[in-house]
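Comments concern the structure below.
The values are calculated or read from the model by the stated rules, or taken from the named source; none is laboratory data. As the structure is a computational prediction, the values presented were derived from the model and not from experiment. Methodologically, a virtual Cβ is constructed for each residue, glycine included, from the backbone with ideal geometry; neighbour enumeration extends over all protein chains shown.
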Amino acid sequence: MKLYGKEKAVEVLEKTARQNRLPHAIMFSGKSGVGKKALALYAAQLILCDNNACGECACCRNIENGTHPDVIFVKKACGGKYSAEPFREVLKNAVVLPNNGKYKVYVFEDCDTMLPVHFNALLKLVEEPASHLRFVFTCANTALVPETILSRVTEYAVPDPTVDDCERFLIESGVEQEKAKELSETFSGNIGECLESISGDESKTVASARDIAAAIAARDMFSAYAKLSAQSGRNELYRIFDCLVNIFRDAQAIKYGESAENTDKDIAQKIANNFSEEEIMRMSDTAFEICSGEVFNLNAALCASYFISGIMDN
Ligand SMILES: [Zn+2]
């Protein structure tokens, strides 16, 4: 598991685990986005893996993928608030022995958002835990956690990752070097905020692609051109053409009587209705040519005119 900038915490936890002294209740405290969830998963691996959180065995992999039956992330309701129901479930199921290993690990994320009534429900379990139960809490502000709980957990303060740690994480997660550097600096190394920004950018790009495809579907080439040429940034532009290729391929599939795989079925359907097979093939080929980088060094406006003239070519 990637635990950037948490070498210290990992070292302490690992040593404690090797000495068989891992506490039955662990609390990771630190700012939002510093990687407390990753540490919670790592702690669960330490508790359950026979090989000191090797990261490679089926147990470790299942924990990382969120599919281990004995690692239970207690669910929050929509809106990120805890409701009473999951606590009832925990109380009911905690007595049931683990499926696979020695322990059942309950993880309560952002426990500083839990209400006193939730803590009270848990108190007995944490205070006098059955031998098969382990607890991991995460929180940003320990001042909001009742003393009765705090006194029964071992707290590990999670340090903020450095800008370099964050950049390294982003690059290894597939973000381009330049972008990784820019994001890490903008968000002062907060990995969570960087990831949020990336997914925000991505949904904006997908929405732009949908917009452009809708204009094309309506044969409004002028508006498609204007929207395309207004894009800034080469990567966004490539990504938009990438999305367009998918939509055009769906339109082709519909023409052949197959079903569309893309989520924008309506737009693909409209394109299929309004254009000939040959025209759609041209759209798909030209968009593919651009997003695969075959059309070199074009800025947004040039890409836009290359694309529009490419698809209108008779
Ligand atoms: Zn393992």
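Quick look at the values:
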| item | result |
| --- | --- |
| Helices (runs of 4 or more DSSP H) wholly inside the stretch 124-195 that include at least 2 residues being outside the structural domain of Tyr103 (by TED's automatic domain parsing) and among the acidic types (Asp, Glu) | 163-172, 177-186 |
| The stretch 4-21: number of residues that are without any contact (Cβ under 8 Å) to a residue 40 or more places away in the chain and closer than 29 Å to Phe119 by Cα | 6 |
| Enumerated helices (runs of 4 or more DSSP H) restricted to the stretch 214-285, each holding at least 2 residues that are aromatic (Phe, Trp, Tyr) | 221-229, 234-255 |
| Qualifying positions in the stretch 268-293 - of a type outside the set (Gly, Ala, Ser) and within 15 Å of Met221 (Cβ to Cβ) | Lys270, Ile271, Asn274, Phe275, Glu279, Ile280, Arg282, Met283, Thr286 |
| Residues that are crowded, with 19+ Cβ neighbours inside 10 Å and within 18 Å of Phe307 (Cβ to Cβ), drawn from the stretch 265-290 | Ile267, Ala268, Ile271, Phe275, Ile280, Met283, Ser284, Thr286, Ala287, Ile290 |
| Top-ranked residue of the stretch 291-314 - restricted to ones that are modelled with pLDDT of 80 or more and of a type in the set (Phe, Trp, Tyr), ranked as surrounded by the most Cβ atoms within 10 Å (Cβ to Cβ) | Phe307 |
| Flag for Ala94 being more than 30 Å from Glu193 (Cβ to Cβ), of a type in the set (A, V, I, L, M, F, W, C) and either modelled with pLDDT of 90 or more or out of contact with any Asp or Glu (no Cβ under 7 Å at 6 or more places or on another chain) (or both) | yes |
| Output for the stretch 114-147, where each listed residue is of a type in the set (S, T, N, Q), farther than 26 Å from Pro98 by Cβ and surrounded by fewer than 16 Cβ atoms within 10 Å (Cβ to Cβ) | Asn141 |
